[in-house]
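Here is the structure we will look at.
The values are calculated or read from the model by the stated rules, or taken from the named source; none is laboratory data. Everything numeric here is computed off the predicted structure, so don't read it as measured data. For neighbour counting, all protein chains shown are included, and Cβ atoms are generated from backbone atoms with ideal geometry for every residue, glycine included. Just so you know, the surface numbers come from the protein's heavy atoms only, side chains and all, with ligands and any DNA or RNA stripped out. Shrake-Rupley method; radii C 1.70, N 1.55, O 1.52, S 1.80 Å.
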Amino acid sequence: MIAGKRVVLRPSEEADLPLIAMWQNHPEVWWYMDYERPFSAEDVQEDETRSRMEGFPLVISVEGKPIGRIGLNRFRRRDRICSLYIYIGEPSFWGQGYARDATMALLSHAFDRFDLHQVELWTLAPNARVIRTYERCGFRREATLRDRSFKEGRFVDHVVMSATREEFTLAHERYLGEER
């Protein structure tokens, strides 16, 4: 388990799979995570199995209640780089800083444990709230990939971001100094 200021990150369990399916099928999560189709229970099981084999998947919990997922994948060991994904699946927990806390906790753990140089991610350009959260965690915009996803009759850009160990360390020091 990895502890943040207000969240605990733990490995997912079989009992989490129905929650994960519900979260991943929530219209707003589904839209912003850029999923192509709704998820069945079998899809979630397959995704979880693949995530465990290829990465480091975790459940975000607050006071014992699971509220979302976070993880690392696409490890490039030679380059000491991996990718991050996150979503808060419980709408009542949106906009309260849990995504930032979870991201800071996982990055702190990952940069040390995996000796990473950089963590990268992408998100949909219209997701301004999460882009600001990522920037507060030390991520910088690297590129805008035009017209990468077709959503609701129009194309949407992707924003690619990354944080080096040094960029994260500066953001983490600021975060630790904040009151909560």
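What to note about this one:
- Residues located in the stretch 40-57, provided they are within 18 Å of the chain's Cα centre (by Cα) and either of a type in the set (A, V, I, L, M, F, W, C) or farther than 25 Å from Phe111 by Cα (or both): Val44, Met53, Phe56
- Of all residues in the stretch 6-37 being outside any helix (DSSP H, G or I) and open to solvent by 80 Å² or more (accessible area, probe 1.4 Å), the one that is nearest to Gly64 (Cα to Cα): Glu13
- Some residue of the stretch 40-48 being part of a loop (DSSP other than H, G, I, E, B), more than 28 Å from Gln118 (Cβ to Cβ) and at pLDDT below 90: yes
- Some residue of the stretch 107-122 being among the charged types (D, E, K, R), within 26 Å of Asp47 (Cα to Cα) and assigned to a helix (DSSP H, G or I): yes
- Within the stretch 126-152, the residues that satisfy the criterion of being of a type in the set (A, V, I, L, M), farther than 27 Å from Ala3 by Cβ and modelled with pLDDT of 95 or more are Ala143, Leu145.
- All conditions but one from (1) at pLDDT 95 or above; (2) of a type in the set (Ser, Thr, Tyr); (3) part of a helix (DSSP H, G or I) apply to Ser61; the one that does not is (3).
- When the stretch 126-180 is limited to residues that are touching a Gly at 6+ places or on another chain (Cβ under 9 Å) and assigned to a strand (DSSP E or B), the one that is least open to solvent (accessible area, probe 1.4 Å) turns out to be Ala163.
- Test: residue in the stretch 88-101 that is closer than 20 Å to Pro126 by Cα, touching a residue at least 12 places away in the same chain (Cβ under 8 Å) and part of a strand (DSSP E or B): yes
- Failed condition for Ser40, given (1) within 28 Å of Gly177 (Cβ to Cβ); (2) open to solvent by less than 60 Å² (accessible area, probe 1.4 Å): (1)
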